[in-house]
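Here's the structure we're looking at; comments come further down.
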Amino acid sequence: MSYQRKETRLRAEQQNGLTLLARRLSRTKGAGGERITENTLIRVAVDLLLARSAQLSGNDEAALRNSLDLP
C-alpha cells in the first residue's frame, strides 16, 4: 500500500497522547507484523472519522467535535 503525504497541525496534548499510545501499543503487540506508529494511529483515526461522516455536522471545530460526542 502506498501513502500520500499530508501535513497537519496538532495540539501539544494530541502529539504527546499519540506518542504515548503508539509506544504502549507497540510494546503490547509482540514480535512481527506492521509497526504501530503515530502515523498508523492517525490513519485509523481518519478512517473512523470517515466511517462516522453521516453524524458529522457543524461550521467550526467545536461544533464538529460536538456532533461526534467528543469533549
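The values are calculated or read from the model by the stated rules, or taken from the named source; none is laboratory data. These numbers come from a predicted model, not from an experiment. All Cβ positions, glycine included, derive from the backbone under ideal geometry; neighbour counts span all protein chains shown.
Please count how many residues of the range 56-71 are surrounded by 11 or more Cβ atoms within 10 Å (Cβ to Cβ) and assigned to a helix (DSSP H, G or I).
Selection size over the range 56-71: 5.
Specify which of the listed residues (Thr37, Thr8, Thr28) is among the polar types (S, T, N, Q) and in contact with a helix residue (DSSP H, G or I) (Cβ under 6 Å, 6 or more places away or on another chain). Break it down into steps so the answer makes sense when it comes.
Details: Thr8 fails: in contact with a helix residue (DSSP H, G or I) (Cβ under 6 Å, 6 or more places away or on another chain); Thr28 fails: in contact with a helix residue (DSSP H, G or I) (Cβ under 6 Å, 6 or more places away or on another chain).
Thr37 is the lone residue from the list that is among the polar types (S, T, N, Q) and in contact with a helix residue (DSSP H, G or I) (Cβ under 6 Å, 6 or more places away or on another chain).
Restricting to the range 1-35, give me the number of residues that are in a helix (DSSP H, G or I), loosely packed, with under 10 Cβ neighbours inside 10 Å and modelled with pLDDT under 95. Before the answer, list the steps.
Initial filter on the range 1-35 (in a helix (DSSP H, G or I)): 12-29.
Keeping just the survivors that are loosely packed, with under 10 Cβ neighbours inside 10 Å gives 12-13, 27-28.
Imposing the further condition that a residue be modelled with pLDDT under 95 reduces the set to 27-28.
Matching residues across the range 1-35 total 2.
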